[in-house]
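Q: Got a structure for you, questions after.
The values are calculated or read from the model by the stated rules, or taken from the named source; none is laboratory data. Here the structure is a predicted model, which means the values were calculated and not measured. We place every Cβ from the backbone using ideal geometry, glycine too, and count neighbours over all the protein chains shown. These accessible areas exclude ligands, DNA and RNA; they are computed on the full protein's heavy atoms, side chains included. Shrake-Rupley method; radii C 1.70, N 1.55, O 1.52, S 1.80 Å.
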Amino acid sequence: MRWVLLPQHISDQVAPPGAAIRDLHGLTMGTSWSVRLVESAMPGRAGSADLQQGLQQQLDLVVAQMSHWSDASDLGRFNRAEPGSWHSLPAAFCEVLGFAMHVSQASGGAYDPCAGALVNLWGFGPRNRYDEPGFLPPKDDTLALLLSQRQRRRLELDLPARRARQPGGLQLDLSAVAKGYGVDRLARYLDSQGIGHYLVEVGGELRGAGSKPDGQPWWVMLEQVEGAADSADNAQHPPEMLLALHGLSVATSGDYRRFFQDGTVRFSHTIDPRSGMPIANQLASVTVVHEQCMAADAWSTALTVLGPDAGMALAEEQGLAARFLQRDGDGYHETLSSHMLAMLDE
């Protein structure tokens, strides 16, 4: 069984029939990126090499400003800064951090870009990782101490002046929003080059615009949890969902991507900043469809942490098109927000 999701608004701009599709790709943020674009929509001055370089520069800027893996990034320098010091932020960094703090406030702290120290403690940061020899999950007293310290280490963000104050020891981590923002930057760059028909992807997060030369939209399959579609006859397994990515972005947060086991206990890489613990709410994944990939990226994380009930309530409150996949015995139970249901082609 397959369901089809369609955008609520469709542009009247169509790609030239018979035009070729060009593929470009590269590496960034520890993963890969790719762009498919309609070639004849490109200005003659933009050759493959120039376009490739321009796209890569967009993502290199995101890494230079927001990577928590690099001590030389603007974020890395802020994380090591002296207590009480104020820091001017580059425009892109400030834009992403401001939006991340908005989602943090709206979700009651279920998503928090200031929770980097917790992520590091559980072995999902750049050092002392869960997949390195000798790693052990944090003890209760260590976790309790860090949680109490976080209460005193509050970020002060002055958006009009584009600056932030390091209270001392605060560790920013924008990994749950940076890839989505990278997708948005690639899309903006293509738009600036007069290219209106494309599909952009960074590490599995996607954004599409326009159409293909055959008149079809950029069709993408919503990410499935491994094993969730193994048996088409099992009613517990959700149907495949095909999305027309036309003026839309899609991002999925799932606990199956990175995790480790300690005995019989499974620890997800998604940390609940409120408790300091990896999530254990039976949600396998949350997919969000949104005009901005940065928003889809951040909201999918927040909804995953909140769980199926509180997450769905927030999705409805925020008007988000969201799909929740919850483990149910040997299968999965699927729930769609009203805005996602409105996209279903019946």
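Q: How do the pairs read when you match residues in region 271-283 that are over 17 Å from residue 331 (Cα atoms) with residues anywhere that are open to solvent by less than 20 Å² (accessible area, probe 1.4 Å) and at pLDDT below 85, using Cβ under 7 Å and keeping only pairs 6 or more apart or on different chains?
A: 278/268; 279/255; 279/268
Q: Which residues, counting only those in region 179-199, are open to solvent by less than 10 Å² (accessible area, probe 1.4 Å) and within 14 Å of the chain's Cα centre (by Cα)?
A: Scanning region 179-199 gives 180, 181, 182, 183, 184.
Q: On to the next question. Just checking, does region 171-190 include any residue being part of a loop (DSSP other than H, G, I, E, B) and closer than 30 Å to residue 11 by Cβ?
A: No: region 171-190 contains no residue that is part of a loop (DSSP other than H, G, I, E, B) and closer than 30 Å to residue 11 by Cβ.
Q: Next up: Output the number of residues of region 139-170 satisfying the condition of being over 26 Å from residue 97 (Cβ atoms) and in a loop (DSSP other than H, G, I, E, B).
A: Within region 139-170, residues that are over 26 Å from residue 97 (Cβ atoms) and in a loop (DSSP other than H, G, I, E, B) number 1.
Q: If you scan region 86-139, which residues turn out to be of a type in the set (A, V, I, L, M, F, W, C), surrounded by 14 or more Cβ atoms within 10 Å (Cβ to Cβ) and more than 19 Å from the chain's Cα centre (by Cα)?
A: The answer is 89, 117, 121, 122.
Q: Mind checking which residues of region 14-42 are closer than 22 Å to residue 59 by Cβ, surrounded by 19 or more Cβ atoms within 10 Å (Cβ to Cβ) and over 25 Å from the mean Cα position of the chain (by Cα)?
A: Correct list: 38, 41, 42.
Q: Here's another thing I want to ask about it. State yes or no: is residue 215 part of a strand (DSSP E or B) and at pLDDT 90 or above?
A: So residue 215 does not fit the description; no.
Q: If you don't mind, another one. Please determine, by comparing only the residues of region 57-69 that are open to solvent by less than 40 Å² (accessible area, probe 1.4 Å) and part of a loop (DSSP other than H, G, I, E, B), which one is modelled with the highest pLDDT.
A: 67
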